[in-house]
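Quick notes on the structure that follows.
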Ligand code: MN
């Protein structure tokens, strides 16, 4: 299993210097993988990232929320087309970086919708994802749909909802991406969603209830890790944490990162790696079947 760290633990900008910093620190903290936010694949400097990764190789994944102009869940033809182009460009960028995963809120904007999703919007989002997933398959990239809470999307907010959404698409290159921070808001417990989505579970974010240090909030990590062991999950597991001490102009505001939960990125990342490795080790030792 690959343990990963989100880039915003280290920096809010992913230019060459930011990439160099995030890769070096992620590796030094013991991780195998760096996830970075690809909020604008058109302005992202692919050549700089490639140079950085050539100097210091590490597995790369990317997550994002769609911008308003490219919201494929609106069923507005111009936005749907812009979203398809946007996602195809993301896939191209990730292919150039040797990545195998594009994850996050790639089905809608990451925002508080003021009305339920419409049938047309749902269908438009699914149609685009189906096409992008076909194209991504040829480049060795899988799409993971992140289950986020009701204040960040209106398409689905539970593992069960994501599973239904994906089964309607019927494309085997699309899977479920669970995040403990969001599960803690929307799910009845941390165990059942993992078992319910087991056939499609592709990617996992490990975040605390306040997005700070693991183990200092209300997430039931014991139950979550037992469930992952029960299904034999072996996909990427990425630590996600945000503090106002590291700011991304686009992402921090979308996610509502107003509080300072930590200042010491190194201490935070090392603690999280030990916490996740410890949970994995603990569930290895118990008889689950
Ligand atoms: Mn997440």
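Miscellaneous remarks
- Taking the criterion of being closer than 15 Å to residue 6 by Cα and either in contact (Cβ under 8 Å) with a residue 40 or more places away in the chain or part of a loop (DSSP other than H, G, I, E, B) (or both), the residues of the range 265-280 that qualify are 265, 266, 268, 269, 270, 271, 272, 273, 276.
- For the range 146-165, a tally of residues being surrounded by fewer than 21 Cβ atoms within 10 Å (Cβ to Cβ), in a helix (DSSP H, G or I) and either modelled with pLDDT under 95 or in contact with a helix residue (DSSP H, G or I) (Cβ under 6 Å, 6 or more places away or on another chain) (or both) returns 1.
- Looking across 168, 186, one residue alone is within 14 Å of the ligand (Cβ to nearest atom) and modelled with pLDDT of 95 or more. It is 186.
- Total residues in the range 206-242 satisfying the condition of being assigned to a loop (DSSP other than H, G, I, E, B) and either out of contact with any helix residue (DSSP H, G or I) (no Cβ under 7 Å at 6 or more places or on another chain) or within 16 Å of the ligand (Cβ to nearest atom) (or both): the figure is 19.
- Checked against (1) more than 15 Å from the ligand (Cβ to nearest atom); (2) assigned to a helix (DSSP H, G or I), residue 117 passes all but a single condition, namely (2).
- Only listed residue being within 16 Å of the ligand (Cβ to nearest atom), within 19 Å of residue 95 (Cα to Cα) and not in a loop (DSSP other than H, G, I, E, B), chosen from 143, 129: 143
- Hey, residue 135 surrounded by fewer than 19 Cβ atoms within 10 Å (Cβ to Cβ), within 19 Å of the chain's Cα centre (by Cα), more than 25 Å from residue 256 (Cα to Cα) and at pLDDT 95 or above or not: no
- Meets criteria (part of a strand (DSSP E or B) and either within 14 Å of the ligand (Cβ to nearest atom) or surrounded by 22 or more Cβ atoms within 10 Å (Cβ to Cβ) (or both)) for residue 176: yes
- Test for residue 83: is it closer than 21 Å to residue 127 by Cβ and not in a strand (DSSP E or B): yes
- Residue tally, condition surrounded by fewer than 11 Cβ atoms within 10 Å (Cβ to Cβ) and either farther than 27 Å from residue 14 by Cα or modelled with pLDDT under 90 (or both), over the range 247-280: 1
The values are calculated or read from the model by the stated rules, or taken from the named source; none is laboratory data. Just so it is clear, the model here is predicted, and its values are computed rather than measured. Backbone-built Cβ (ideal geometry, glycine too); neighbour counts: all protein chains shown.
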